[in-house]
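These notes are about the structure you will find just below.
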């Protein structure tokens, strides 16, 4: 670790990002080879926590000493059968997702918003779904709107409780919320 601390003694959810060489880090950021601020711990843990096979005993482990740094990533699929079954693994969840999708679409159609806004929301939801985080960039790619318009759409979706912020995937990432009513 940069400051000589031991990672196993830190709360990895709140480790500040420190650069050994901020000039090189800035150059790599401008070339889109890395982020300006590190978020590796949060990304690793966030991806594990969202996995369907995640259990707390499989939490990634971080360890460092004065010479080395180790990350232990447990295989979340270790006890998952590998043979192909007649039914897909998530078949039992399909009605739940289909029902949630229909409820979401009904909820969006009832919003007090322009039809073009509702159409964009449904277009984004159709491409991204409930499980994947997204931000302005993904909205711009799916809908073809500008960065400013994507930001405005995010504000409208937040106000309507259609999305919620998520952590561990970078700044400004959201997921659609499952409507239960």
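Using the Kirkwood radius over Cα pairs, work out the Stokes-Einstein diffusion coefficient for segment 91-176 at 10 °C and 1.306 mPa s, in µm²/s as a whole number.
Translational D for this selection: 120 µm²/s.
Please work out the C-alpha center-to-center distance from segment 43-82 to segment 115-181 and express it in whole Å.
28 Å
So between residue 116 and residue 70, what do we pick up on full extension, going 0.36 nm a residue minus the alpha carbon distance? Could the numbers behind the result be given before it?
Numbers: separation 46, 0.36 × 46 = 16.56 nm, distance 4.97 nm.
So the extension gain works out to 11.6 nm.
Efficiency by 1/(1 + (r/R0)^6): what FRET value for residue 49 and residue 109, r their Cβ-Cβ distance, R0 = 30 Å, to the nearest 0.05?
Details: r = 32 Å, r/R0 = 1.07.
With R0 = 30 Å, the Cβ-Cβ based efficiency is 0.40.
What shape does segment 7-72 take by its C-alpha gyration tensor, where a ≥ b ≥ c are the square roots of the eigenvalues and a/c under 1.5 counts as rounded, a/b above b/c as prolate, and the rest as oblate? Before the final figure, lay out each step's value.
Working: a/c = 2.69, a/b = 1.52, b/c = 1.76.
Cα axes put segment 7-72 in the oblate bin.
Where a number appears in this text, it was derived from the coordinates with a stated rule and is not lab data. Computed from a predicted structure; not experimentally measured. No Cβ is skipped: glycine too gets one built from the backbone with ideal geometry, and neighbour counts run over all protein chains shown.
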